Amino acid sequence: MSGCETLNDARGWPVSETVADQVRRLREQLSDWSYRYYVLDEPAVPDAEYDRAFRALQQLEQQHPELISADSPTQRVGDRPLDGFSEVVHEVPMLSLDNAFSDDELIAFDRRVRERLGQEEPIVYVAEPKLDGLAVSLLYQQGELVRAATRGDGATGEDITANIRTLRSVPLRLRGKVPTLLEVRGEVIMPHDGFEALNARQRDAGQKLFANPRNAAAGSLRQLDSRITAQRPLEFYAYSIARIAGEALPASHMDGLEHLRDLGLRVNALVRRCEGVEALLVFYREVMEARQALGYDIDGVVYKVDDLARQQQLGFVSRAPRWAIAHKFPAQEELTTLRDVEWQVGRTGALTPVARLEPVFVGGVTVSNATLHNADEIERLGLHIGDTVVVLRAGDVIPKVSAVLPERRPADARPIIIPSACPVCGSEVFRAEGEAVTRCTGGLICAAQQKEAVRHFASRRAMDIEGLGERLVEVLVDEKLIGNVADLYHLKTEQVASLERMGEKSAANLIEAIEHSKQIALPRFLFALGIREVGEATALALANHFGSLQAIMAADEAAFLQVADVGPVVASHLTHFFAEPHNQQVIAGLLDAGVSPSESEPQKPETLPLHGQTWVLTGTLEQLTRDEAKAALQQLGAKVAGSVSAKTSMVIAGEAAGSKLDKAQSLGIAIEDEAFLLKVLTEHGVHPGSG
Ligand code: D41
């Protein structure tokens, strides 16, 4: 105990502290938090806390501009663009790395190293991931960042100090006891999440997209206006000391990296000391496994002889050190030829173009097919059959055609034609306005969609056929007992009982459940047909509006558009569905088999009890799902909106209702709970969830 008490303010600082002390304290605090965040990878405080301290410092500096210094964290961004980059001559050249493309080439490298050193025993190496970014060189004098340069041709680069200063992972001042001079080399990269976000912003702003994180990083460092660079998610990792003065060079590469960490520079966490070539190969495989999950691109690993004296002994050949090598991962992009395009039909009827390629070795496997996603993608790529294309296969993801080389297009190249009929069932195909996907309209008969169609038809909210689960649908279709939903109604107990893992009893139950489903409410029947974008609420609106299946099947697009809740897209899905002869046949088959959807008088919307009202559902309901509650309210003529406004008639608040509830309260709108909703529904004879 000092015995001398000082008064502290709310932050715990002595009140007598001078402004200069406060500024210094804030800077130390901020740089310490950055160090813990970037170098130790152990964030000390939430971002908001950092931001508060940052703003406090900004404010003090504004009031006392004489206290501003270049190494203050507030001074990362300059305020005017440069006319151009000036040249930087690298006092210590920035070397390049030799490559090994196979285990054998690596083993040969290790043998050469041991021969030159006259050493039989295993060499101690340091293994590092090879970050796929841009090499830069940072110069610190008396601990302060004074210059940053690109690699250029290795002998001269460009001065990008203003841009590098904007990277928060680059300290503007080193920590602790600093060398009088330090030149450190490292890589600037853009992580995947930042890259995706940047491209999304570029797209929104109508700007050109970056092809990959490396290009985005390069483009960001090449900005003459550092205010733009400051908005780009760039990160720096240090990987070697080029020169150091005022203290001795560490004895090994690993010691050097640890020293860099202590000085506040970020070093990649995967870096390892490895003894002997086998350990290098283990490291290579481990990093390759971890590659997809790293969050940034690497294109291989780098091995360096650890001992600096041995490095010196080995020296250089031309411009690469003999003591280091890059062990590259298999290329993830290769060129090949597009032989043909085939169209596959998915379980929901989407037609997907698949590229048939001249087989090519890429990403470690031979690829002969790649997805083309949809017709828009083909158009975007400007693809022709016969084209030379770039195939991308990253990790375990499906190979894709990522680009075309139009200058290599042969004279006999053919354009790609979108089929006009489904390649599986021959039904008409259809592409809704504004949609990228072309779809088969033969949903009820198309073999590609059979299983999905039957599964949906039988599901609880549709025909509710108990016991007809996904697995059984699979078997029934595979055993060719059914081809479409109408065939369900011709199944015999003996047929079902003969299936694997089906007893007499469960077979009888199934047939009974199928029989039971024949009496069905029209909205459920419509929903069960699996028409695109016709959910329960739309099915209900259609049933209310038209009253019968016959009336619906006779309607044209204009008539569908009269239905509340039906817009142009749904209207065109409906028209195409009912116009397809295959679908008409299946519906006729269902009716012939005795399925009889209920009929009722078409209801005039004005006569519905909640007509003209807008309800909002918020929070979690206990008894009903959101969809059920919504459908039930719509059945009574209410509109169900997603947000509260002055037009809202009623808010139903379930468990953990949030901002919508606050808003309703502030607008003075009636708020009730789920019990009230259920009471209203029963009073009007609506039993949600039971059709
Ligand atoms: O991660 C990298 N891209 C990386 C590049 C790394 N981890 N270490 C490297 N080490 C060197 C030497 C051995 C010459 C100091 C490198 C590079 N060079 C390098 N980057 C670009 C050219 C050379």
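The values are calculated or read from the model by the stated rules, or taken from the named source; none is laboratory data. As the structure is a computational prediction, the values presented were derived from the model and not from experiment. FYI the Cβ positions are ideal-geometry reconstructions off the backbone, even for glycines, and counts take in every protein chain you see.
Per-structure values
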{"item": "Residue ID - nearest to residue 488 (Cα to Cα), chosen from residues in the range 427-461 that are small (Gly, Ala, Ser) and in contact with an Asp or Glu (Cβ under 9 Å, 6 or more places away or on another chain)", "result": "458"}
{"item": "Qualifying position, being surrounded by 13 or more Cβ atoms within 10 Å (Cβ to Cβ) and outside any loop (DSSP other than H, G, I, E, B), among 82, 106, 95", "result": "106"}
{"item": "The range 438-458: number of residues that are touching a helix residue (DSSP H, G or I) at 6+ places or on another chain (Cβ under 8 Å) and farther than 19 Å from residue 581 by Cβ", "result": "7"}
{"item": "Hey, residue 115 more than 40 Å from the chain's Cα centre (by Cα), in a helix (DSSP H, G or I) and crowded, with 16+ Cβ neighbours inside 10 Å or not", "result": "no"}
{"item": "The range 405-429, subset assigned to a strand (DSSP E or B) and touching a residue at least 60 places away in the same chain (Cβ under 8 Å), residue nearest to residue 330 (Cα to Cα)", "result": "429"}
{"item": "Test: residue 675 is under 38 Å from the mean Cα position of the chain (by Cα), part of a helix (DSSP H, G or I) and either loosely packed, with under 13 Cβ neighbours inside 10 Å or among the hydrophobic types (A, V, I, L, M, F, W, C) (or both)", "result": "no"}
{"item": "Filter pass, residue 347 being among the charged types (D, E, K, R), touching an Asp or Glu at 6+ places or on another chain (Cβ under 9 Å), at pLDDT below 95 and more than 11 Å from the ligand (Cβ to nearest atom)", "result": "yes"}
{"item": "Considering residues of the range 37-72 that are among the charged types (D, E, K, R) and exposed (fewer than 14 other Cβ atoms within 10 Å of the Cβ) only, the residue farthest from the chain's Cα centre (by Cα)", "result": "66"}
{"item": "Of all residues in the range 239-269 being near the ligand (Cβ under 10 Å from one of its atoms) and in a strand (DSSP E or B), the one that is surrounded by the fewest Cβ atoms within 10 Å (Cβ to Cβ)", "result": "242"}
{"item": "Which numbered condition residue 107 fails, given (1) over 30 Å from residue 216 (Cβ atoms); (2) out of contact with any Cys (no Cβ under 6 Å at 6 or more places or on another chain); (3) within 16 Å of the ligand (Cβ to nearest atom)", "result": "(3)"}
{"item": "Flag if residue 326 is closer than 18 Å to residue 214 by Cβ and assigned to a strand (DSSP E or B)", "result": "yes"}
{"item": "Residue match in the range 71-88 (condition: within 16 Å of the ligand (Cβ to nearest atom) and without any contact (Cβ under 8 Å) to a residue 24 or more places away in the chain)", "result": "no"}
{"item": "Helices (runs of 4 or more DSSP H) within the range 481-556 that include 3 or more residues touching a residue at least 60 places away in the same chain (Cβ under 8 Å) and touching a helix residue (DSSP H, G or I) at 6+ places or on another chain (Cβ under 6 Å)", "result": "522-528, 536-546"}
{"item": "Considering residues of the range 289-301 that are hydrophobic (A, V, I, L, M, F, W, C) and surrounded by fewer than 17 Cβ atoms within 10 Å (Cβ to Cβ) only, the residue farthest from the ligand (Cβ to nearest atom)", "result": "293"}
{"item": "Residue 446 being over 33 Å from the mean Cα position of the chain (by Cα) and not aromatic (Phe, Trp, Tyr)", "result": "no"}
